[in-house]
Number of protein chains: 2
Amino acid sequence: MALRSDWSADSCPIARSVDVVGDPWVLLVLREAFEGATRFEEFRALGIADNVLSRRLAGMVEAGLLERATYDGGNRPRHRYLLTGAGADLLPVLHALALWGERHRPRSTGRMELVHEACGRPTQSADTCSHCHVPVTAADVSWRLPKHPEALLPLAR
Amino acid sequence: MALRSDWSADSCPIARSVDVVGDPWVLLVLREAFEGATRFEEFRALGIADNVLSRRLAGMVEAGLLERATYDGGNRPRHRYLLTGAGADLLPVLHALALWGERHRPRSTGRMELVHEACGRPTQSADTCSHCHVPVTAADVSWRLPKHPEALLPLAR
């Protein structure tokens, strides 16, 4: 999924990843997917134009971040978009962005926390529990979101 | 620095960070800055158009990722762009991208390694030494790049 330039065969792995996720909508669609969105209508909550969302979802399927599953939607078949393993492995990128945002673009109305399920404590690392020192993936972490501080949201994987 | 939409006041810290770095050129300029580039001419090695580079550098200064320093360039004053603390704190984002790229977009011609200076071993985490379990920043990590596998590159900070 080339964006402006094609870095898919670059010798630098940062550039090869930028080729896939160096786009604001791709990152926000991923966030929604981790929060449980699967249907086109759910991703529209991002405030994204329908044609842009269609292109991004198709590109993310092509790039192997999402897989498209068909289900019976009544009059016609409908689609769900589910995180693949490669998509779920982008969680540290979102976590690194979340930690930077809380540190350098703080808001007074609440913080996002990345909570390691096993120990129940927030981690300050993108991919490791700060307390237990074990790697954490989508299966091990829940998000405490500023908009629902009372709840812990398990992540899709 | 708004890109397409303005997420700078979003309740989600991921969106607030995406507002700043959800752009392929911003991420690649950051990579070059960590590798030691400071001058406009050095960043041009990215293959970026001059007008696009000018806009990105100005935006990154405005966003507090880079600071512009003036030096005597002979006939006229010239500028260097140096990572700020906030810019250097984006290292985990680049590391998370590097680790994902090596895992899901591998190339046979060499791997990038993130080497913890203190122990000399590569880490598989974006922000923590996998072996020593200590947080690592630009001051603690060197990059082994596929293009120069014999060398360890200390990072700018």
- For the stretch B:67-134 versus the stretch A:69-145, the gap between their alpha-carbon centres in whole angstrom: 23
- Note on the structure: One computes Rg over Rh for the stretch A:13-85 from alpha-carbon atoms, with the Kirkwood Rh, and obtains 0.98
- Taking only Cα atoms and a 10 Å spring cutoff, compute GNM fluctuations for chain A and point out the largest among A:Glu102, A:Glu113, A:Glu35. A:Glu102
- Note on the structure: For A:Ala156, placing the label point 7 angstrom along Cα-to-beta-carbon and taking the stretch A:68-92, residues whose amide nitrogen sits under 11 Å are A:68-69, A:80-84, A:88
- Take every residue in peptide B:31-38, count the Cβ atoms of other chains within 10 Å of its Cβ, and give the average of those counts. 1
- Amide H neighbours of B:Thr128 at under 5 Å, excluding residues fewer than 5 places away on the same chain, with H built from the backbone geometry, are B:Val136
- Item | Mean residue ellipticity (222 nm) of chain A, computed from DSSP H runs ≥ 4 via -39,500 (n - 2.57), nearest 500 | -10000 deg cm²/dmol
- Message: With θ taken as phi - 60° and the coefficients 6.51, -1.76 and 1.60, list the Karplus ³J(HN,Hα) couplings across the stretch A:9-19 in order, rounded to whole Hz; mark glycine and proline as x.
- Response: 10, 5, 5, 9, x, 5, 5, 5, 6, 4, 4
- Note on the structure: Counting Lys and Arg as +1 and Asp and Glu as -1 over every other residue whose Cβ sits under 15 Å from the Cβ of B:Val115, the net charge comes to -4
- Item | Karplus-derived 3J(HN,Hα), 6.51/-1.76/1.60, for each residue of the stretch B:137-147, Hz, glycine and proline x | 10, 4, 6, 10, 10, 10, 9, 9, 9, x, 7
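For the protein assembly as shown, what mean projected area does the convex hull of the alpha carbons give, in nm²?
17.6
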- Task: Compute the length gained on full extension between B:Ala49 and B:Arg103: take 0.36 nm times their separation in residues and subtract their Cα-Cα distance, giving the result in nm to one decimal.
- Result: 16.4 nm
- Task: Could you check which residue among B:Val20, B:Val93, B:Val134 shows the biggest mean-square fluctuation in a GNM of chain B with a 10 Å Cα cutoff?
- Result: B:Val134
- A:Pro135 neighbourhood, Cβ < 15 Å, K/R = +1, D/E = -1, net charge -3
- Item | Backbone HN-Hα couplings from phi across the stretch B:121-132 [Karplus 6.51/-1.76/1.60, Hz, Gly and Pro as x] | 10, x, 9, 9, 10, 6, 8, 9, 6, 4, 9, 8
- Item | Isolated Cys residues of the protein assembly as shown, judged by Cβ distance under 4.7 Å to other cysteines | A:Cys12, A:Cys119, B:Cys12, B:Cys119
- Relative compactness, chain B, computed as alpha-carbon Rg over 2.2 N^0.38 Å: 1.10
- Rh (Kirkwood; distinct C-alpha pairs) - the stretch B:90-154, Å: 11.8
- Task: Search the structure for amide H atoms under 5 Å from the amide H of A:Leu66, placed 1.01 Å from N in the peptide plane, and list their residues when 5 or more places away or on another chain.
- Result: A:Val61, A:Thr84
- Per residue of A:124-137, count partner chain C-beta atoms within 10 Å of its C-beta, then hand back the mean as an integer. 4
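Computed from the coordinates by the stated procedures, all read-outs in this text should not be read as laboratory data. Note that the structure is predicted; figures quoted are calculated from it, not measured. Heads up, the Cβs are rebuilt from the backbone with ideal geometry, glycines too, and the neighbour counts pull from every protein chain shown.
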